[in-house]
Amino acid sequence: SSFAEPRDRMTNVFAYGTLRSKEVREALLGRDVPRFVEPVSVKNFWIHPVSHGRYPAVVSSETGSQVPGTLLLDISEEDMVILDAFEDKYVKRSVEVFSADGVVIATAIIYVWNKSLSSLNISKIWSY
C-alpha cells in the first residue's frame, strides 16, 4: 500500500478550490487536516468559476484535461459530514490522484458540480 492510502474509516479528498485554503479548513473543522500533499492533479475534468460565487466547480471532461489541487489525507467520518454539508451543491465521485510527475498516488473523493452548467462561467478556467 502506498503512503497515500487512507487509514481505516478515513477518506482522502481531492481539493481544487476553497478547501485548498488552510484558513477555510481550520474554520470548517476547527483545525487543519492531519496530512496533505501538493501539487497533485486529477485528469478528465474542467474547472470553472461558478457564475455568482467566488468559488469553482469541476465538471467531467473526456479531453484528458487536468485540474491541479491538494490531496487531503486521512479525513475522519466526522469531518466528512462537515465537508459534505459545506459542499452541498456537489456530488462525490472517486478519482485517481496524480503526483507532479504523473504517477497515480492515491484514490480520493472529489466534489463534482451537480447543478446546471448554465450556472457556471464556462468561458473562464478557474485558477486558485
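The criterion of being within 27 Å of Arg9 (Cα to Cα), free of Cβ contacts under 8 Å to residues at least 40 places away in the same chain and buried (at least 16 other Cβ atoms within 10 Å of the Cβ) does not hold for Tyr111.
For the criterion of being more than 12 Å from the chain's Cα centre (by Cα) and over 18 Å from Ser127 (Cβ atoms), Arg93 fails. Taken together, the residues in segment 82-101 that are in a strand (DSSP E or B) and of a type in the set (A, V, I, L, M) amount to 3.
For the structure I just gave you, tell me whether Asp79 is among the acidic types (Asp, Glu), outside any strand (DSSP E or B) and modelled with pLDDT of 95 or more. Against the criterion (among the acidic types (Asp, Glu), outside any strand (DSSP E or B) and modelled with pLDDT of 95 or more), Asp79 qualifies.
The values are calculated or read from the model by the stated rules, or taken from the named source; none is laboratory data. All values derive from a computational prediction rather than experimental measurement. Heads up, the Cβs are rebuilt from the backbone with ideal geometry, glycines too, and the neighbour counts pull from every protein chain shown.
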